[in-house]
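All of the numbers you see were taken from the coordinates with simple rules; none came from a lab. Because the structure is predicted, anything quoted here is derived from the model rather than measured. Reconstructed Cβ throughout: ideal geometry from the backbone, glycine too, with neighbour counts over all protein chains shown.
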Amino acid sequence: MKLYRDEAVVLRTQKIGEADRVITLLTRTNGRVRAVAKGVRRTSSRFGGRLEPCMLADVQLHRGRSLDVVTQVVTLAPYARAVADDYPRYTAAAAMLETAERLTPEEREPATQQFLLLVGGLRALVGPPHAPVRRPAGLVLDAFILRSTAVAGWGASFDACARCGAPGPHRAFAVAAGGSVCSSCRPPGASAPSPATLQLLGALLAGDWDVALASTERDRREASGLAAAHLQWHLERGVRSLPFVDRTPEAPVADVPDTDVPDHRTGGPRPDDAGEPAPEEALLDAEVLEQLAPEPPARTAERVRSAQAVAAGARA
Ligand SMILES: [Zn+2]
């Protein structure tokens, strides 16, 4: 099937050509997908503001060789508008989107748990429309970081020893070891955060908001520093493994002609169904891929830290 539908959060948009954008989406069932939204920058675009970062939408896409094409968009939750006029929430949302992108390195690899965490995080950030108290943006961001890294296979321990499993709580904490460490496993250079900070981190990971909301400013600051360090350490480690990825081109897969999507210019099958990339698409790909190189992990962690600082500043 060349046409498919999915729910998706817009992670990022990049200008391309005269009026188009490449939209990076985290979908519920198809993982991270990049798609071209044609004409989206024209004021007359039928997509309008529905493809802004943070938007949750029901999208219809036409599968392409490396980039899909957006054919329909229905907004499910306009999170972008909800965070637009609240700087701490906006920066926390931006850090969440970037983290979600970094934690889903393989395009089209299903990442439903990451999708659900991101939607849950954005919803918590925005809060119910008439809620008297919304959760602090910094805590929502830190909970998201701890849970999404755990889903990516990098769960931190804030109680039992991350190395030998000895029941905690323990005094020492080492990001490289995976969190709390007992006195026998403690590596050189381990830090000694306050017990309340470790309790807060554990509560954020578990979603225990009663405990998390009872924390002090000092513990929140220390916790957000450890959450950012945890994220950065794993992102850098993840990227360091990239040079070892097998880049041998895969054997071409036979492309079954699909005539139910006529080409808009000729009314016939799309040229790419014949096995040759359409010249327009090939050109677009080369141009786009150059622009879409991922940001270095340190930059993501830096943005997370500055978002945490903004959110903390708003609380103070
Ligand atoms: Zn131990």
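In this simple spin-label model, placing a label point 7 Å from the Cα along the Cα-to-Cβ direction at both Arg299 and Arg5 gives a separation of 3.6 nm.
When peptides 183-193, 299-309, 215-225 are ranked by their average number of other Cβ atoms within 10 Å per residue, the highest-first order is 299-309, 215-225, 183-193.
With both labels modelled 7 Å from their Cα along Cα-to-Cβ, the Asp58 to Arg135 distance reads 2.7 nm. Each peptide in 9-17, 81-89 receives the mean, over its residues, of other Cβ atoms within 10 Å, and ordering these scores from highest gives 9-17, 81-89. Over the C-alpha atoms of the stretch 171-225, the Rg to Rh ratio, Rh being the Kirkwood estimate, stands at 1.00.
Peptides 99-111, 139-151, ordered by how many other C-beta atoms sit within 10 Å of their residues on average, highest first, read 139-151, 99-111.
How high is the FRET efficiency from Asp86 to Arg123, r the C-beta distance, R0 22 Å, rounded to 0.05? Walk me through the numbers before you get to the answer.
Values: r = 15 Å, r/R0 = 0.67.
It comes to 0.90.
From zero outward in steps of 5 Å, how is the percent of C-alpha pairs of the stretch 103-171 spread across the bins? P(r) for the stretch 103-171, in whole percents per bin: 4, 14, 18, 17, 16, 14, 11, 5, 1, 0. How many angstrom lie between the Cα centre of the stretch 210-228 and the Cα centre of the stretch 174-205? Measuring centre to centre over Cα atoms gives 14 Å.
Remark on Gly179: its backbone amide H falls under 5 Å from those of Ser157, Ala174, a criterion applied only to residues 5 or more positions apart or on other chains, H modelled at 1.01 Å from N.
If each residue of separation counts as 0.36 nm, what is the full-extension length gain between Val151 and Glu106 once their alpha-carbon separation is subtracted?
Values: separation 45, 0.36 × 45 = 16.20 nm, distance 1.46 nm.
Roughly 14.7 nm would be gained on extension.
Each principal axis of the stretch 74-193 carries a Cα extent, and these read 54, 38, 22 Å when sorted largest first.
Which percent, to the nearest 5, of DSSP beta bridges fully inside the stretch 1-92 are antiparallel? Don't skip to the answer; put the middle values down first.
On the way: 28 of 30 bridges.
If we restrict to bridges inside the stretch 1-92, about 95 percent are antiparallel.
Rg and Dmax, both from the Cα atoms of the stretch 1-150 and both in Å, are 15.0, 48.
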